[in-house]
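These notes concern the structure reproduced below.
The values are calculated or read from the model by the stated rules, or taken from the named source; none is laboratory data. None of these values were measured; they are calculated from a predicted model. Glycine also receives a Cβ, built like all others from the backbone with ideal geometry; neighbour counts cover every protein chain displayed. These area figures cover heavy atoms from the full protein model, side chains too; ligands, DNA and RNA do not enter into them. Shrake-Rupley method; radii C 1.70, N 1.55, O 1.52, S 1.80 Å.
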Amino acid sequence: MDIVQELLRGSRRALARAITAVENDYEEAGSILQDIYPFTGRAHVIGITGPPGAGKSTLTDKLAKEYRGQGKTVGIVAVDPTSPFFGGAILGDRIRMNELTMDPGVFLRSMGTRGSLGGLARKTVEVVKLMDAFGKDIIFIETVGVGQSEVDVIKAADTTVVVLVPGLGDDIQAIKAGILEIGDIFVINKADRDGVERLNTELEMMLDLNPEKTLWRPVVKRTVASRGEGLVELLEALENHRTFLVTSGEQQRRRSARTKNELLVLLNEHISKKVLEKITVGGELDSFVERLENHQQTPYAIVNTILAEMLR
Amino acid sequence: MEKRIRVLVAKPGLDGHDRGAKVVARALRDAGFEVIYTGLRQTPEQIAEAALEEDVNVVALSLLSGAHNTLFPKVVELLKEREMQHVLIVGGGVIPDSDIPGLKQAGVAEIFTPGTPTAAIVEFIKVHVTQ
Ligand SMILES: Nc1nc2c(ncn2[C@@H]2O[C@H](COP(=O)(O)OP(=O)(O)O)[C@@H](O)[C@H]2O)c(=O)[nH]1
Ligand SMILES: [Mg+2]
């Protein structure tokens, strides 16, 4: 049987293999993504971002269990950094989520960034689609958390949760620019530590000053993930945000912006590939470079020539 | 995109530290592999399920407690049940020479005893991972 049919019928092995195919850009990747497309768009996709050690994995583990308790199925994509020197990676998020492994209603996949810089792996968005088509109700994306500007998560998630911890010194200053803008829900985890009140106050102040997000005022919640405290309130906030997305039309707006963006990226990729193929087979690329080096032509003129030729 | 060899490094059994497994994990990463590290005290069932979800090419088992003769073959069997018989299974730890033939018979591809340079493990995986 075809791998997509197996996946749609609930084969976990087929899902795992489809993810590998997509992640490695195997030849069948395009047709897999094409075939699952009609079955996507149902899941609530929740991004979990924040600095390393903030408790993202622990929190994801606990939230996943809560959703399972409600009878919902869960997918998790956990991203860790690929070493820029060796190309390898140690993907360690499973350590905090081992108890989920034996639950057939949870599918957890670890991914290395493989050179991608925005906090996700190159193919995280596509892997989320595979899990969505597989039928997962809730899909978590745990971002890298190495303090890069992890803004890509909003391209993949419906609801973005930013996890922070008290006592990092100059709390708010330590928070990377850009992170206030992406959070729909802020979680102060490790609320068993000192400095919670201060961080909470500072966060609320910053959020009041933030001109963005006029429709949804981000909320701040406190948790002690390792002890499972504050989960009920956090789940409530997640549910509120989801309701807001649907009733305000924001879900529709975000998804169509995302769809447009994905289409443009895909178009871009394919056009570049086609052009490159065309100008490399006959050695034209080399002669263009030569003409540039000899100052016979400008890059702009060359691009115009290539495009005119392609679009003829 | 170039494909990466994915290795699950797991510690079945009850012994309490994972220094050796971590050293191996780092060596494998430095060789360009993606290492899924699952931590201590994994049951064979957890190892097989994690291997399935992560679609790994290799399962590397590390064990000090002496239960290798039951735990390693159990992992082999559970992977087969999941149609993952192509996965290369290697083991490491304090394992008497006399146990090695039996483990290989059971489907463990290679056993690395203490003192094996990590480079030898990397090389073995590179040579034996098919696809
Ligand atoms: N004191 C305290 N420790 C926590 C809490 N949540 C997580 N931790 C611990 O913080 C460490 C890092 O957690 P992890 O989930 O791996 O963080 P991640 O890097 O953001 O995924 C682990 O040792 C957790 O047990 C909490 O609420 N309070
Ligand atoms: Mg983590």
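State yes or no: is residue A:28 out of contact with any Gly (no Cβ under 6 Å at 6 or more places or on another chain), among the charged types (D, E, K, R), within 14 Å of chain B (Cβ to nearest Cβ) and open to solvent by less than 70 Å² (accessible area, probe 1.4 Å)?
No: the conditions fail for residue A:28.
At pLDDT 95 or above, open to solvent by 10 Å² or more (accessible area, probe 1.4 Å) and acidic (Asp, Glu): is that true of residue A:66 in this structure?
Numbers: at pLDDT 95 or above: yes; open to solvent by 10 Å² or more (accessible area, probe 1.4 Å): yes; acidic (Asp, Glu): yes.
So residue A:66 passes the test.
Out of the residues in the range A:189-201 that are open to solvent by 50 Å² or more (accessible area, probe 1.4 Å) and over 27 Å from the mean Cα position of the chain (by Cα), state the one that is farthest from ligand 1 (Cβ to nearest atom). Please lay out each step first, then the result.
We begin by selecting, within the range A:189-201, every residue open to solvent by 50 Å² or more (accessible area, probe 1.4 Å); these are A:190, A:192-194, A:197-198, A:201.
In the following step, the residues that additionally are over 27 Å from the mean Cα position of the chain (by Cα) were identified as A:192-194, A:197-198, A:201.
Working: A:192: 5, A:193: 6, A:194: 11, A:197: 16, A:198: 17, A:201: 20 Å.
For the range A:189-201, the residue satisfying everything is A:201.
May I ask you to list the residues in the range A:80-96 that are more than 9 Å from ligand 2 (Cβ to nearest atom) and either among the aromatic types (Phe, Trp, Tyr) or open to solvent by less than 60 Å² (accessible area, probe 1.4 Å) (or both)? Step through it out loud before you land on a result.
Filtering the range A:80-96 down to residues more than 9 Å from ligand 2 (Cβ to nearest atom) leaves A:81-91, A:94.
Answer for the range A:80-96, where residues must be more than 9 Å from ligand 2 (Cβ to nearest atom) and either among the aromatic types (Phe, Trp, Tyr) or open to solvent by less than 60 Å² (accessible area, probe 1.4 Å) (or both): A:81, A:82, A:83, A:85, A:86, A:87, A:88, A:89, A:90, A:91, A:94.
Just the residues that are facing another protein chain (nearest Cβ under 9 Å) and not small (Gly, Ala, Ser), please, taken from the range A:111-139.
Residues of the range A:111-139 that are facing another protein chain (nearest Cβ under 9 Å), as a first pass: A:111-112, A:114, A:122-123.
The answer is A:111, A:114, A:122, A:123.
Quick test for you: out of A:136, A:123, A:129, pick the one residue that is at pLDDT 90 or above, in contact with an Asp or Glu (Cβ under 6 Å, 6 or more places away or on another chain) and in the same structural domain as residue A:183 (by TED's automatic domain parsing).
Values: A:136 fails: in contact with an Asp or Glu (Cβ under 6 Å, 6 or more places away or on another chain); A:129 fails: in contact with an Asp or Glu (Cβ under 6 Å, 6 or more places away or on another chain).
Only one candidate passes the filter, namely A:123.
Does residue B:86 qualify as being more than 9 Å from every other protein chain (Cβ to nearest Cβ) and open to solvent by 50 Å² or more (accessible area, probe 1.4 Å)? Before you say what the answer is, go through the steps one by one.
Working: more than 9 Å from every other protein chain (Cβ to nearest Cβ): yes; open to solvent by 50 Å² or more (accessible area, probe 1.4 Å): yes.
Taking the combined requirement at face value, the residue satisfies it.
Assess whether residue A:110 counts as being of a type in the set (S, T, N, Q) and within 14 Å of ligand 1 (Cβ to nearest atom). Explain how you work it out, then say what you get.
Values: of a type in the set (S, T, N, Q): yes; within 14 Å of ligand 1 (Cβ to nearest atom): yes.
When the stated conditions are applied, residue A:110 passes them.
Within the range B:53-63, does at least one residue satisfy the condition of being out of contact with any Gly (no Cβ under 8 Å at 6 or more places or on another chain), within 7 Å of chain A (Cβ to nearest Cβ) and open to solvent by 10 Å² or more (accessible area, probe 1.4 Å)? Spell out how you get there, then give the answer.
Taking the range B:53-63 and keeping what is out of contact with any Gly (no Cβ under 8 Å at 6 or more places or on another chain), we get B:53-59.
If we keep only those that are within 7 Å of chain A (Cβ to nearest Cβ) too, we end up with B:53-55.
Checking the rest, the ones that are also open to solvent by 10 Å² or more (accessible area, probe 1.4 Å) come to B:55.
Checked against the condition, which is being out of contact with any Gly (no Cβ under 8 Å at 6 or more places or on another chain), within 7 Å of chain A (Cβ to nearest Cβ) and open to solvent by 10 Å² or more (accessible area, probe 1.4 Å), the range B:53-63 yields at least one hit.
Hey, could you check the range A:278-295 for residues that are modelled with pLDDT of 90 or more and among the charged types (D, E, K, R) and say which is surrounded by the fewest Cβ atoms within 10 Å (Cβ to Cβ)?
My answer is A:293.
Residue A:43 passes all but one of (1) of a type in the set (A, V, I, L, M, F, W, C); (2) more than 13 Å from every other protein chain (Cβ to nearest Cβ); (3) more than 20 Å from residue A:242 (Cα to Cα); (4) more than 16 Å from ligand 2 (Cβ to nearest atom); which number fails?
Answer for residue A:43: the failing condition is (3).
Mind listing whichever residues of the range A:62-81 are within 20 Å of residue A:134 (Cβ to Cβ) and within 15 Å of ligand 1 (Cβ to nearest atom)?
Pass one, the range A:62-81, residues within 20 Å of residue A:134 (Cβ to Cβ): A:63-65, A:67-68, A:70-79.
Once the filter is applied, which keeps residues that are within 20 Å of residue A:134 (Cβ to Cβ) and within 15 Å of ligand 1 (Cβ to nearest atom), the range A:62-81 yields A:63, A:64, A:65, A:76, A:77, A:78, A:79.
For the subset of the range A:60-105 comprising residues that are in a helix (DSSP H, G or I) and of a type in the set (Lys, Arg), which member is nearest to the other protein chains (Cβ to nearest Cβ)?
Within the range A:60-105, the first condition is being in a helix (DSSP H, G or I), and the residues that meet it are A:60-69, A:93-100.
Cutting the leftovers down to of a type in the set (Lys, Arg) gives us A:62, A:65, A:68, A:94, A:96.
Numbers: A:62: 17, A:65: 16, A:68: 15, A:94: 5, A:96: 8 Å.
Once the filter is applied, the top-ranked residue is A:94.
All but one of (1) more than 12 Å from every other protein chain (Cβ to nearest Cβ); (2) within 13 Å of ligand 2 (Cβ to nearest atom) hold for residue A:108, so report the exception by its number.
The number of the failed condition is (1).
Criterion first (assigned by TED's automatic domain parsing to the domain that holds residue A:72, open to solvent by 40 Å² or more (accessible area, probe 1.4 Å) and of a type outside the set (A, V, I, L, M)) does residue A:268 satisfy it?
Values: assigned by TED's automatic domain parsing to the domain that holds residue A:72: no; open to solvent by 40 Å² or more (accessible area, probe 1.4 Å): yes; of a type outside the set (A, V, I, L, M): yes.
Against the criterion (assigned by TED's automatic domain parsing to the domain that holds residue A:72, open to solvent by 40 Å² or more (accessible area, probe 1.4 Å) and of a type outside the set (A, V, I, L, M)), residue A:268 does not qualify.
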